[in-house]
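What follows is calculated from the coordinates using simple rules that are stated; it is not laboratory data. Computed from a predicted model, the values in this text were never measured in an experiment. In this analysis, Cβ positions are derived from the backbone assuming ideal geometry, glycine residues included, and neighbour counts consider all displayed protein chains.
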Amino acid sequence: MVRRVVVTGASSGIGAASVRRFAELGWETVAVARREDRLRALAEETGAHAVVCDVTDEEQVSRLAAEVAATGGATGLVNNAGGAIGTESVEHSSNDDWRRMFEVNVLGLRAVTAAMLPVLREGARASGWASILNLTSTAGLSAYPGGGGYNAAKFAAHAVTEVLRLELAGEPIRVMELAPGLVHTEEFTLNRLRGDAAAAERTYADVIPLTAEDVARVLVGAFEQPPHVNQDLITLRPVAQSSVFHTHRGPLVPKG
Ligand SMILES: NC(=O)c1ccc[n+]([C@@H]2O[C@H](COP(=O)([O-])OP(=O)(O)OC[C@H]3O[C@@H](n4cnc5c(N)ncnc54)[C@H](OP(=O)(O)O)[C@@H]3O)[C@@H](O)[C@H]2O)c1
């Protein structure tokens, strides 16, 4: 069986960069997101099979898994669809925003994983192995003021990843997690700050963040390891960010 990977959240940022990187290394890819025009453009560029799917809708997710199975199956899954809404405190945030973050970052990840597991098992039967990687965040490992619902959702996604690894023990399916820090993508912070472009740009001012391509190289690198090697948790930050609380702005210079 050829190597074929399903990437959710592929219409922008890290997901799109990952599809490009997988394709460069000879993988067949299935690119999944809600915005069809962007997926079509990526499909034309990379040869990806595009599937329009809202990961928070379980019927659409079932159809996604059926389409993947009918068009060549899969040996890999990247649960990347996700995002943050707002930076308000626990006291001043809203359950509506928190619900939307849980829907996509946690329940969507669970639904896609559950629907895809039989397809991945078929892939593992045919080729020996299969891989799942969940894109969480350093926000899923360290809380920070204003992190609220995003912290809670990504901590939950981190926990689900650990549960899944334990539940799949004994199967030839590795379960990996990639937790990036600050990544400058086109839409993530813009969405988080509810479309305030100037504030979004300030997040990245005078700092060298990760790019989507940086993350994609590491992400795809985890799939390129020998299949018995499971990188349980990869934490990835720019050199300028030593923790969620320490982002260095200005040039990086040797001390002394
Ligand atoms: N940027 C960062 O600083 C950063 C840091 C750490 C972790 N992360 C995580 O990395 C992942 C990708 O982030 P990014 O920076 O690449 O963000 P992005 O550019 O905003 O991309 C998010 C992707 O998720 C898709 N998506 C959102 N809701 C969806 C839904 N209900 N169903 C299907 N697809 C959906 C979006 O496509 P459609 O709108 O077309 O559906 C888009 O392709 C996210 O899980 C994010 O939380 C980001």
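Of the residues that sit in the range 96-141 and are more than 29 Å from residue 181 (Cα to Cα) and part of a loop (DSSP other than H, G, I, E, B), which one is nearest to the ligand (Cβ to nearest atom)?
Within the range 96-141, the match that is nearest to the ligand (Cβ to nearest atom) is 129.
Of all residues in the range 1-31, which are free of Cβ contacts under 8 Å to residues at least 60 places away in the same chain and part of a strand (DSSP E or B)?
Correct list: 28, 29, 30, 31.
Would you please list the contacts, defined by Cβ atoms under 9 Å and residues six or more apart or on different chains, that run from a residue in the range 92-104 that is more than 22 Å from residue 60 (Cβ to Cβ) to a residue that is among the small types (Gly, Ala, Ser) and surrounded by fewer than 18 Cβ atoms within 10 Å (Cβ to Cβ)?
93/146
Out of all the residues in the range 221-245, which are in a loop (DSSP other than H, G, I, E, B) and among the β-branched types (Val, Ile, Thr)?
Within the range 221-245, 229, 239, 244 qualify.
So which residues in the range 184-199 are crowded, with 16+ Cβ neighbours inside 10 Å and either farther than 29 Å from residue 22 by Cα or more than 11 Å from the ligand (Cβ to nearest atom) (or both)?
Scanning the range 184-199 gives a single hit, 193.
Any residue in the range 130-152 that is closer than 22 Å to residue 119 by Cβ sitting within a Cβ distance under 6 Å of a residue that is among the polar types (S, T, N, Q) and within 12 Å of the ligand (Cβ to nearest atom)? List the pairs, counting only those 6 or more apart or interchain.
Pairs found: 134/79; 135/80.
Yes or no: the range 192-214 includes at least one residue that is under 18 Å from residue 84 (Cα atoms), free of Cβ contacts under 8 Å to residues at least 40 places away in the same chain, in a strand (DSSP E or B) and not polar (S, T, N, Q).
yes
What single numbered condition from (1) farther than 22 Å from residue 159 by Cα; (2) basic (Lys, Arg); (3) out of contact with any Asp or Glu (no Cβ under 7 Å at 6 or more places or on another chain) fails to hold for residue 99?
Of everything listed in (1) farther than 22 Å from residue 159 by Cα; (2) basic (Lys, Arg); (3) out of contact with any Asp or Glu (no Cβ under 7 Å at 6 or more places or on another chain), residue 99 misses just condition (1).
Could you tell me whether any residue of the range 221-236 is on the phi > 0 side of the Ramachandran plot and surrounded by 14 or more Cβ atoms within 10 Å (Cβ to Cβ)?
Within the range 221-236, none of the residues are on the phi > 0 side of the Ramachandran plot and surrounded by 14 or more Cβ atoms within 10 Å (Cβ to Cβ).
Of all residues in the range 142-175, which are closer than 15 Å to residue 234 by Cβ, away from the ligand (no atom under 14 Å from the Cβ) and surrounded by 17 or more Cβ atoms within 10 Å (Cβ to Cβ)?
Of everything in the range 142-175, those that are closer than 15 Å to residue 234 by Cβ, away from the ligand (no atom under 14 Å from the Cβ) and surrounded by 17 or more Cβ atoms within 10 Å (Cβ to Cβ) turn out to be 165, 174, 175.
Hey, among the residues in the range 32-54 that are of a type outside the set (D, E, K, R) and in a helix (DSSP H, G or I), which one's surrounded by the fewest Cβ atoms within 10 Å (Cβ to Cβ)?
Per the stated criteria, the residue is 41.
Given the residues 87, 56, 75, which is the only one that is of a type in the set (S, T, N, Q) and away from the ligand (no atom under 14 Å from the Cβ)?
75
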